[in-house]
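The values are calculated or read from the model by the stated rules, or taken from the named source; none is laboratory data. The shown structure was predicted, so the numbers you read here are calculated from the model rather than taken from an experiment. Positions of Cβ are generated from backbone atoms using ideal geometry, with glycine treated the same way; all protein chains shown enter the neighbour counts. The protein model used for the area step is the full one, side chains on, heavy atoms only, and it has no ligands, DNA or RNA in it. Shrake-Rupley method; radii C 1.70, N 1.55, O 1.52, S 1.80 Å.
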Amino acid sequence: MEADNSSAIKKIVLPIALIFGAGRIIFDLIPKLAGANSKVYYSTFLIAFVFEVLAITYTIKKYKKSQNNSINLKEALIVGVMFMVIVGGLYAIQSYLYDLYIDPEFQKKTALEWANLYGKSSDVKKMMSEGESIQQTSSIFSIITSILKFSLLGILVSFIVGTIVRNR
């Protein structure tokens with residue numbers, strides 16, 4: 001029974017997560033390539049969060065429907081975390097590659113622009129100059145950290161959505 005649930009979860013989550021991950025990548029690249037200001041770029045994170053919550057909700061409901069309207073909290077958590085690990089992994093790899101090969105100064109410029117809005121650009125410049133003397137973290141570590149953040153978001157959202165959906 002457990003293997004059946006696992007394959008059913010993979011069958012439902014994988015295609016939705018891959019499509020959503022590709023959309024998340026495009027949604028992240030548009031403001032970067034268009035040269036949008038920091039407000040626009042950072043607002044995409046909030047917009048993406050809303051869509052991620054909706055996508056997790058949709059995926060959990062779709063899984064529940066495929067299981068004769070039966071789902072437990074463990075299954076809901078697995079669905080949400082698997083979804084966010086895939087989306088987070090794709091996003092983290094794309095973001096890392098963009099920042100490494102396409103525009104290595106993008107994150108610095110955007111952070112400085114954002115800090116300048118609040119009169120804190122000198123503080124950010126100081127932190128950046130001090131940070132250059134600190135050993136840079138490995139690319140694998142930064143990708144794993146990003147995936148962990150997405151996973152935690154998946155746990156939280158799945159727990160809430162799973163609790164609501166399983167009782168309906």
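Residue order by solvent-accessible surface for K109, K64 is K109, K64, largest first, with ligands and nucleic acids left out and a 1.4 Å probe. Calculated mean residue ellipticity, 222 nm, the chain: -29000 deg cm²/dmol, from DSSP H runs (n ≥ 4) at -39500 (n - 2.57) each, averaged per residue and rounded to 500. Report, to the nearest 10°, how far helix 73-97 tilts away from the longest principal axis of the Cα atoms in the chain, using its own Cα long axis and a range of 0 to 90°. Tilt of helix 73-97: around 30 degrees.
With R₀ set to 22 Å, the beta-carbon distance separating L14 from T145 gives a calculated FRET efficiency near 0.40. Taking the 1.4 Å solvent-accessible surface of the chain as the whole, the part contributed by carbon and sulfur is 67%.
For the residues I155, I140, I71, a GNM of the chain with alpha-carbon springs under 10 Å puts the largest fluctuation on I140.
Site pair E113 and L156 shows an inter-label distance of 2.6 nm when each label is modelled 7 Å from Cα along Cα→Cβ. Take the chain with all the other protein chains still there, run a 1.4 Å probe, and you get 61 Å² of accessible area per residue.
Dipole check for the chain: with +1 at the C-beta of Lys and Arg, -1 at the C-beta of Asp and Glu, and the Cα centre as origin, the magnitude is about 660 Debye. Against the main long axis of the alpha-carbon atoms of the chain, helix 121-132 sits at an angle near 80°. In plain terms, if you count all Cα to Cα distances in the range 45-128 and split them into 5 Å steps from zero, the share in each step is 3, 12, 14, 14, 13, 12, 10, 8, 7, 5, 2, 0 percent.
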